Amino acid sequence: MIIGGGFGGLETARKLRKSNVQVTLVDRHNYHLFQPLLYQVATGGLSPANIATPLRSIFRRQANCEVLLAEVQGFDLDHKRLVLADGELKYDHLVVAAGATHSYFGHEEWASVAPGLKTLQDATSIRRKVFLAFEAAEREKNPKIREQMMTFVVVGGGPTGVELAGALSEIARHTIRNDFRHIHPEDALSLIHI
Ligand SMILES: Cc1cc2nc3c(=O)[nH]c(=O)nc-3n(C[C@H](O)[C@H](O)[C@H](O)COP(=O)(O)OP(=O)(O)OC[C@H]3O[C@@H](n4cnc5c(N)ncnc54)[C@H](O)[C@@H]3O)c2cc1C
């Protein structure tokens, strides 16, 4: 029983391809998400379908692997059972590859204004915020407020933050540069807070 169809879960299931075992891969989504390109979805360079591959098609030809869509909510280790949102599943051996989530490092108040970037929902939420900011700026008469609307702050200067800031700059300077009449998208500022 493998929980999670990310890189960890996929690799584990694939490595068991020739073993005499029955593999069950459980994920709350029916797709494998290629997280390294999430920042491209968040800035409109790619659509969600470009980075999400159905788990069923990945394992179509691996006869000893079945894919189940389910949300795991807990474990009954004594009885070797997974507690699901809508039932339970028995297992012999368990691999937990459920990934990680982002942290606000004690600043939970940031959550309402700044989503993390781990899921497709996060990416499309950021994309909506970014493009709506340019749309609102186009209609804003006050230059000070307009400047604020076109200032994007990325908290975190690791690979994800740097890639995201770079992609924001790219869309402002190239992709949408000539698409507005009242603002100059290339004046948008991407600030990284580290
Ligand atoms: C924006 C971004 C950019 C990155 N760029 C790079 C890069 O350039 N190079 C690199 O090497 N790494 C990169 N990483 C890191 C890499 O993507 C992760 O290390 C990797 O995805 C982790 O794989 P995983 O299998 O542990 O978890 P995940 O890929 O997160 O997979 C976990 C799976 O478990 C499922 N799941 C979770 N909880 C439950 C539950 N309760 N019930 C059922 N299913 C559940 C999820 O739906 C998911 O499919 C990046 C990560 C991010 C977020």
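Numbers for the structure displayed
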read-out: Inter-centroid distance (Cα atoms) of region 62-138 relative to region 153-167, Å; value: 21
read-out: Value of [θ]222 nm, deg cm²/dmol, for the chain, DSSP H segments ≥ 4, -39500 (n - 2.57) each, nearest 500; value: -9000 deg cm²/dmol
read-out: DSSP beta bridge pairing in region 2-96, given as percent antiparallel to the nearest 5; value: 55
read-out: Gaussian network model of the chain, springs between alpha carbon atoms under 10 Å - residue of 64, 30, 142 with greatest fluctuation; value: 142
read-out: Residues whose placed amide H lies under 5 Å from that of residue 32, excluding near-sequence neighbours; value: 53, 55
read-out: Folded to 0 to 90 degrees: helix 159-170 orientation relative to the chain principal axis, Cα; value: 40
read-out: Gyration tensor over alpha-carbon atoms, the chain, equivalent ellipsoid semi-axes in Å; value: 42, 18, 13
read-out: Descending semi-axes in whole angstrom, ellipsoid equivalent of region 2-96, from the Cα gyration tensor; value: 26, 17, 10
read-out: For the chain, built as a Gaussian network whose Cα springs stay under 10 Å, the top-fluctuating residue of 174, 184, 32; value: 174
read-out: Intensity falloff of region 62-175 expressed as log10 I(q)/I(0), Debye formula with alpha-carbon point scatterers, at q = 0.15, 0.19, 0.21 Å⁻¹; value: -0.85, -1.09, -1.22
read-out: Nonlocal Lys pairs with alpha-carbon distance under 21 Å, the chain (8 or more apart, or different chains); value: 4
read-out: Charge tally in the Cβ shell below 9 Å around residue 102, where Lys, Arg are +1 and Asp, Glu are -1, residue 102 excluded; value: 0
read-out: Helix 120-139 axis, angle to the chain major axis (alpha carbon atoms, nearest 10°); value: 10
read-out: Highest-fluctuation residue, 70, 136, 13 considered, GNM on the chain with Cα pairs under 10 Å; value: 136
read-out: Antiparallel %, DSSP beta bridges [both residues in the chain], to 5; value: 45
read-out: Residue 180-residue 118 pseudo-label distance in nm [points 7 Å out on the Cα-to-Cβ vector]; value: 3.2
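Since every read-out is calculated from the coordinates, none of them should be taken as a lab result. Predicted model, so just to flag it, every value in this text is computed and none were measured. When we count neighbours, we look across all protein chains shown, and the Cβ atoms used for this are built from the backbone with ideal geometry, even at glycine.
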